[in-house]
Every structure is written in C-alpha cells, then in structure tokens.
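Engineer: Take this structure, written in structure tokens, and hold onto it; I'll ask about it next.
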Amino acid sequence: MADPSSYRPQPGQVPDSPGVYRFRDEHRRVIYVGKAKNLRQRLANYFQDVAGLHPRTATMVTTAASVEWTVVSTEVEALQLEYSWIKEYDPRFNVKYRDDKSYPSLAVTLNEEYPRVQVMRGPKKKGVRYFGPYAHAWAIRETVDLMLRVFPVRTCSAGVFKRSAQIGRPCLLGYIGKCSAPCVGRVTPEEHRELAEEFCDFMAGRTGAYLSRLEKEMHIAAEDMEYEKAARLRDDIGALRRAMEKNAVVLADATDADLIAVAEDELEAAVQIFHVRGGRVRGQRGWVTDKVEAVDTAGLVEHALQQLYGEEKGESVPKEVLVPALPEDTPALAQWLAERRGSQVSLRIPQRGDKKALMETVHRNAQQSLALHKTRRASDLTTRSRALEEIAEALELDGAPLRIECFDISHLQGDDVVASMVVFEDGLARKSEYRRFQVKSFEGQDDVRSMHEVVSRRFRRYLVEKSKTGEWDPQHGEDGPPEDDGKPKRFAYPPQLVVVDGGQPQVAAAKRALDELGIDDVAVCGLAKRLEEVWLPGEDDPVVLPRTSEGLYLLQRVRDEAHRFAIQYQRSKRGKRLKSGPLDEVPGLGESRKQALVKHFGSVKKLRQATIDQICEVPGIGRKTAETVAAALAGAVPAGPAVNTATGEIIEDENPAPAGASSERGTEQ
C-alpha cells in the first residue's frame, strides 16, 4: 500500500487549466481517470489526510503509485478525452455501467441493395437504421408482423433471398402479401428502398401524415366505387393503429427525448433509460454498477450519458435528455451532446407535467431493477466469498485467492499440442485475460513436459513485464523504468493460485517451472478428474474437499473452463491443418493470389509442372513471387494419385479444380 505523499506532485508543477488526469499503480497500470476544470485544485483534493477522504477515494490513492495529467483547451475536450481513456484503459476505480443482458433492436439494413427488416443485438453497424432497444424480441416481431401488411419490406436472410431468386419463386411471405418479393423482380430496387424508408419514417414517429394520406386514399377509392381497394386501405390503417397501440402515448406533443433515472445505495447504483420517440416509449434499457469511486447522483448521471451516447451520432442522440440531477459540467456536456447530434440538445430536470410524471415511472423502474439485482447477487456474493475462503483454508494460503489461473493441455494423439490459460477474479471468469499457447519445444505427447513449458512461458512474460517497472531488474538506466502506455498487459497480473488440470506429475512440473524462475509467492495445486482430488506440490496424499464444498465447485468450474478453452483452440488448429495445402506454405501469398493461381492452371498438380515464365502469366504474380511458388512446390511432397475404390483404377487429374482449392486432388480436406 503506497503513501500518497510519496508521489504527490509539487503545487507549482500542476497547471490550473482544464485537463484529464490518470492515477497509475506500481505496475504502471491506469487505475483511475478523471477530468477537471482546474487540475491544480482537483488533484489537491486527493492528497489531503487519508483519514479525511472517502473510503473509496482513500483506497484508490493508496493503491496508486503515481499521477500524471494532460492539459486541454476546453471542458468539452476534457470530457471527450476522459471518455476515450476510460474506454481504452478500463480503469478499475472508475464507474462503468455494464448491461445485464443484450437488448434486441429493430434494424433496417439500409446499407444493402434490398434493405431487410430484422431483429439485431450487439454493437451497431454502419449504414443500419436502429429502433429500440426493446425488452423482448417477440415484441419487435409482433410489431413487424402488423406493419408488413402496409410496408411489405424484405425480412428474409441472404440465403433465402438468393435461393428464391435462383428458382424464380418467392417465399411464403411473398405469396400472402407480406413481402413485395424483390427477389423475383416484382418491384425494382428503387421501389423497395422507398418502402423501407417509409417503414423507417413510420417507426421514427412520423405517423400522423401517413395515416391521413391513407385515409384520404380510402375515401377517394370508396367514392370511385373501388370498394376492394378501399377495404384493403381500411385494413392497412387498422394494422398500423394496432402497431401504434403497442407503444403507449406518454407525451402528447410528439416529443423526442431520453429519460434517465438513477436508484442507488451506498454500494451500488441502477440506471434506467426510457427512449421516447414521437411521444411514445420506443425502447427501454437498464444498467447496474458497483460504486467503486466516490460519486453522487450527478456524477452517476454524467457517467451514464458518456456510456449511452459515446458511440452515437445523428438522430440516435435525441433533442431532449431529461435527468434527475444535473452534472457539474452541464454546459460542457450539453455542447458535447450537441456535437454528436449535429444540432442543439436540451439537458435538464423535468419540473412539472407529463414529463415529470414519466420520470417518476422511470425512477420506479430503476428502484425495482436495483432491488432485483441485489436479491440475485446477495446469494451469489456469499457463495463466491465462501468458496474462496474454503480454498484458502484447504490449501493453507495466507489469504483468499482473488486471482486464479488454470492451465490445461490438449492434443489429438500427440498432434497439434496446445494449452489454455483461463483466469477467474473474485470467483468470476475474466475472459479478456484468457490466453492460448502452442507447445513449441518438442513434438509428440507429453503432458508433463508441455505443462512445464507453458507455465514457464507465462511467468517468464510476467517477469519481463515486472522488469519494465524496475521491480525485478533494477538495471534500467538513469532515466528510470521504460515508459508504459497504461493499457492492461497480457501477462502483467500475477495470480495468487495456479491450478493445473492433472495430478502429481503436472503439479510437480508447474512447481518446478516457478522454482526455476525464482517465483515463490504463487501457490500451485492440481485437480485430478478421476476422484476430483486436489494435489499439492511435494505431498504424497491429496487434499479431499467435501463433495458439497463451494470451494471444490469453484475449482471444478475453473478446470472445466480451461478444458473447454483448450479443446476449442485445438480443434480450430486441427481444422486449419486439414484444410491447408502446398500453397499455404508459400510466404507472402495471400488468399486472392492462391485462388488466381489454381484457377489459371486448374489444379495444384498442373501448377507444379508449370515453368516460372508460365506462372508469371497469372495476373498479380511477379517473377520473384513465381520463383518462390515454384521453389515451394518443388520442395513439397506431391499427394498420391486419386484412386477409384470400387475398381482400383487411378483417376487422372484432367478436370480443373475449383477456384478455391488449395491442395492436391486425392488428399482429404
């Protein structure tokens, strides 16, 4: 634990201008990012008497080992830089909202020749128009089903669309009038795109004018005694009204706004957002976060705004954002939102009327979300804490193993030998820290030797990262340790416990690897599959945890995750090896030029027989590349001839191979 006074900057060194500051720990990792109107005043607040600081702030400043800052011109620039750094460095002491699930949205792929309406999850894509998010995917499908009667836009996948075009027959939706069937040319691409744009306009809330136009057309058709057309228009209007009823009117003046409410206690906070478009609630989402920094409601709102609009542009940012409390830098935030939208954005607290009533509804949703989250997490936290305590007690560790790393070896009869490293922090999988290894020092099947190599490589990398801070190798010159960018390093975090998948031999190999590197502060154990025994280095008898033990259950989860991750990697390597061919071994030869070569000569066999001048005739292949290809194929062992297993006849290679082929005929793909 560091003393903040040891790295406190001199008052004259810190400028009194706007800027962004970063606290780093002893490993040079960024652990906190903040912004300030006045850097000198803000940083001075962190270097008071630790006893007078908020407990979370005190924890942060005692974990940190240095502080640095960057001066900017305006508060808006500070806001943008703070958001970028929080996203880049993922600092542990900053509030970060994480969705408790992936919310579905209604998407219209306007970036395609024939736009498609579909349900989408995950990150947004360029050229796609989104509506939502919605709480349930079925709600989107019900709405789309009603609207396809009026806007028969394509909803099929690319495969279905292509097949219908090939056979000249539309799918069922084309026959029942819920698709305009552009696949068979019933409408032109321009007419179909116009339908898709009308669909988007209606979903965006511009409903009144469209309904009025349909009603006018219905009356004209009735007056002209075109009763079938009038009846169809009447049914279309009814379908659209039913679709609109699914989104209740909450604001009478067709407002476009996002309402953000916060429910919090001392440890956690829940945020709920209602997306109102055209006066109707078009989407809802929520986040829950731990309050890892000392932050009030206004600060939580600021973090929520950054999270919500940091990647958005244009109409995705509404004209009005209603919040329960105004952040400290409200003008800067409003300007930042306006730049993202391209026009003015109002950021305010609703005071009266329908907007205040709706804000109270959003707040009730936030309270319910926080209560539900706490109910779910109470048992989960208790269970994880008990599991870590049981492991520490059974293995006689000094403290609970907050970071556990597990290694597993995978191969297929000695081929494609790989290893996995999975990481659990506080009893939860941290997938961003997972690593994969190829066993390089030998060939064949030897799990013990493989385990020794992999553990050695992992902790050798740890020592290299540690040396950059000067902790391990003090010979770093007069200028101090090398400068670090603060990003999470691949092997910089040491675990408290290493778990290997196996028994005594694997445990001994892992322990020997640590001893050879001089690492004595990392515990090692192994979990054998046969009886789920826990083996310790140098012990003749295993530690047997009760079958009902939460500690054993956590070790099993860690081991099984390492096993899954290793098998996944091994299978992918085996698949690539089976699909590879002689051309894959040619350095600098990409997929396009490989296909061009095979297409030109018809097969790899004929390419092998070609001269260098003949190879140079292929577009994109120069003489140097041709010489490399010829040399590589000359050194490759030709595959055996293809044989007809029914007659024993050798099949001559006369027919050209497909353009994508990359290996000899007769070899198994």
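Engineer: For the stretch 154-176, which positions are of a type in the set (Ser, Thr, Tyr), out of contact with any strand residue (DSSP E or B) (no Cβ under 6 Å at 6 or more places or on another chain) and open to solvent by less than 100 Å² (accessible area, probe 1.4 Å)?
Structural biologist: Residues satisfying the conditions are Ser157, Ser164.
Engineer: Inside the stretch 291-308, can you point out the residues that are surrounded by 17 or more Cβ atoms within 10 Å (Cβ to Cβ) and charged (D, E, K, R)?
Structural biologist: Of everything in the stretch 291-308, those that are surrounded by 17 or more Cβ atoms within 10 Å (Cβ to Cβ) and charged (D, E, K, R) turn out to be Lys291, Glu293, Glu302.
Engineer: What number of residues within the stretch 150-179 are closer than 20 Å to Leu214 by Cβ and more than 36 Å from the chain's Cα centre (by Cα)?
Structural biologist: Number of matching residues: 2.
Engineer: Say whether the condition of being among the aromatic types (Phe, Trp, Tyr), over 35 Å from the mean Cα position of the chain (by Cα) and either open to solvent by 10 Å² or more (accessible area, probe 1.4 Å) or at pLDDT 80 or above (or both) is met by at least one residue in the stretch 223-230.
Structural biologist: yes
Okay, residues lined up against (1) closer than 22 Å to Ala107 by Cβ; (2) in contact (Cβ under 8 Å) with a residue 12 or more places away in the chain:
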| residue | (1), (2) |
| --- | --- |
| Leu146 | yes, yes |
| Phe151 | yes, yes |
| Gly159 | yes, no |
| Arg163 | no, no |
| Thr188 | no, no |
| Asp201 | yes, no |
| Leu214 | no, yes |
| Glu223 | no, no |
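Engineer: If you don't mind, there's one more thing I want to ask. Looking only at the stretch 359-383, filter to residues that are at pLDDT below 85 and among the hydrophobic types (A, V, I, L, M, F, W, C); which one of those is least open to solvent (accessible area, probe 1.4 Å)?
Structural biologist: Restricting to residues being at pLDDT below 85 and among the hydrophobic types (A, V, I, L, M, F, W, C), the top hit is Leu370.
Residue-by-condition table, conditions (1) among the β-branched types (Val, Ile, Thr); (2) over 28 Å from the mean Cα position of the chain (by Cα); (3) more than 28 Å from Val33 (Cα to Cα):
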position	(1), (2), (3)
Gln307	no, no, no
Lys319	no, yes, yes
Pro331	no, yes, no
Ser343	no, yes, yes
His363	no, yes, yes
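Engineer: If you don't mind, there's one more thing I want to ask. Restricting attention to the stretch 554-572, and to residues there that are basic (Lys, Arg) and open to solvent by 50 Å² or more (accessible area, probe 1.4 Å), which single residue is modelled with the lowest pLDDT?
Structural biologist: From the stretch 554-572, those basic (Lys, Arg) are 557, 559, 564, 571; that's our starting set.
With the extra rule that they be open to solvent by 50 Å² or more (accessible area, probe 1.4 Å), the set shrinks to 557, 564, 571.
On the way: Arg557: 84, Arg564: 88, Arg571: 80.
Looking at residues that are basic (Lys, Arg) and open to solvent by 50 Å² or more (accessible area, probe 1.4 Å), I get Arg571.
Engineer: State whether one or more residues within the stretch 88-106 are part of a helix (DSSP H, G or I) and modelled with pLDDT under 85. Give the derivation first.
Structural biologist: To start, the set of residues in the stretch 88-106 that are part of a helix (DSSP H, G or I) comprises 88-89.
From the residues that got through so far, the ones that are modelled with pLDDT under 85 too are 88-89.
Within the stretch 88-106, one or more residues are part of a helix (DSSP H, G or I) and modelled with pLDDT under 85.
Engineer: Taking the criterion of being at pLDDT 85 or above, within 23 Å of Arg129 (Cα to Cα) and open to solvent by less than 50 Å² (accessible area, probe 1.4 Å), would at least one residue in the stretch 345-353 satisfy it?
Structural biologist: yes
Engineer: Starting from the stretch 74-89, keep only residues that are aromatic (Phe, Trp, Tyr), then list their pairs with residues that are open to solvent by 40 Å² or more (accessible area, probe 1.4 Å) whose Cβ atoms are within a distance under 7 Å, requiring at least 6 positions of separation or different chains.
Structural biologist: Tyr89/Lys487
Engineer: Across the stretch 54-67, what is the number of residues that are farther than 30 Å from Val464 by Cβ and either open to solvent by 60 Å² or more (accessible area, probe 1.4 Å) or among the aromatic types (Phe, Trp, Tyr) (or both)?
Structural biologist: 2
Engineer: If you scan the stretch 7-34, which residues turn out to be within 26 Å of the chain's Cα centre (by Cα) and open to solvent by 20 Å² or more (accessible area, probe 1.4 Å)?
Structural biologist: Across the stretch 7-34, the qualifying residues are Arg22, His27, Arg28, Arg29, Tyr32.
Engineer: Considering the stretch 13-40 alone, what residues qualify as being without any contact (Cβ under 8 Å) to a residue 40 or more places away in the chain and basic (Lys, Arg)?
Structural biologist: Keep residues of the stretch 13-40 that are without any contact (Cβ under 8 Å) to a residue 40 or more places away in the chain, which gives 13, 16, 38-40.
Hit for the stretch 13-40 is Arg40, nothing else.
Engineer: For the stretch 585-607, name all the residues that are assigned to a helix (DSSP H, G or I) and open to solvent by 60 Å² or more (accessible area, probe 1.4 Å).
Structural biologist: To start, the set of residues in the stretch 585-607 that are assigned to a helix (DSSP H, G or I) comprises 585, 591-601, 604-607.
Correct list: Glu585, Glu591, Ser592, Arg593, Gln595, Lys599, His600, Lys605, Lys606.
Engineer: Another question about this same structure. Can Asp473 be described as charged (D, E, K, R), modelled with pLDDT under 85, in contact with a helix residue (DSSP H, G or I) (Cβ under 6 Å, 6 or more places away or on another chain) and assigned to a strand (DSSP E or B)? Before you say what the answer is, go through the steps one by one.
Structural biologist: Values: charged (D, E, K, R): yes; modelled with pLDDT under 85: yes; in contact with a helix residue (DSSP H, G or I) (Cβ under 6 Å, 6 or more places away or on another chain): yes; assigned to a strand (DSSP E or B): no.
Judged against the criteria, Asp473 is not a match.
Engineer: Can you find a residue that is touching a residue at least 60 places away in the same chain (Cβ under 8 Å) and open to solvent by 40 Å² or more (accessible area, probe 1.4 Å) anywhere in the stretch 42-53?
Structural biologist: No, because not a single residue in the stretch 42-53 is touching a residue at least 60 places away in the same chain (Cβ under 8 Å) and open to solvent by 40 Å² or more (accessible area, probe 1.4 Å).
Engineer: While we're on this one: If I go through the stretch 189-208 residue by residue, how many of them are out of contact with any Ser or Thr (no Cβ under 9 Å at 6 or more places or on another chain), closer than 16 Å to Arg116 by Cα and open to solvent by less than 60 Å² (accessible area, probe 1.4 Å)?
Structural biologist: Selection size over the stretch 189-208: 5.
Engineer: Any idea which of Phe442, Phe459, Phe437, Phe424 is at pLDDT 80 or above, hydrophobic (A, V, I, L, M, F, W, C) and either exposed (fewer than 13 other Cβ atoms within 10 Å of the Cβ) or in a helix (DSSP H, G or I) (or both)?
Structural biologist: None of the other options fit; the residue is Phe459.
Engineer: Right, next: In the stretch 384-397, what residues are more than 10 Å from Leu555 (Cβ to Cβ), within 35 Å of the chain's Cα centre (by Cα) and open to solvent by 50 Å² or more (accessible area, probe 1.4 Å)?
Structural biologist: Result: Ser385, Arg386, Glu389.
Engineer: Just to verify a result, which residue in the stretch 503-516, among those that are touching a strand residue (DSSP E or B) at 6+ places or on another chain (Cβ under 8 Å) and open to solvent by 10 Å² or more (accessible area, probe 1.4 Å), is nearest to Arg458 (Cα to Cα)?
Structural biologist: It comes out as Lys511.
The values are calculated or read from the model by the stated rules, or taken from the named source; none is laboratory data. All figures in this text were calculated on a predicted structure; none of them were measured in a lab. Neighbour counts are summed over all protein chains in view; Cβ atoms, including those assigned to glycine, are modelled from backbone coordinates with ideal geometry. Ligands, DNA and RNA are stripped out before the accessible areas are found, and what is left, the full protein with its side chains, is counted by its heavy atoms. Shrake-Rupley method; radii C 1.70, N 1.55, O 1.52, S 1.80 Å.
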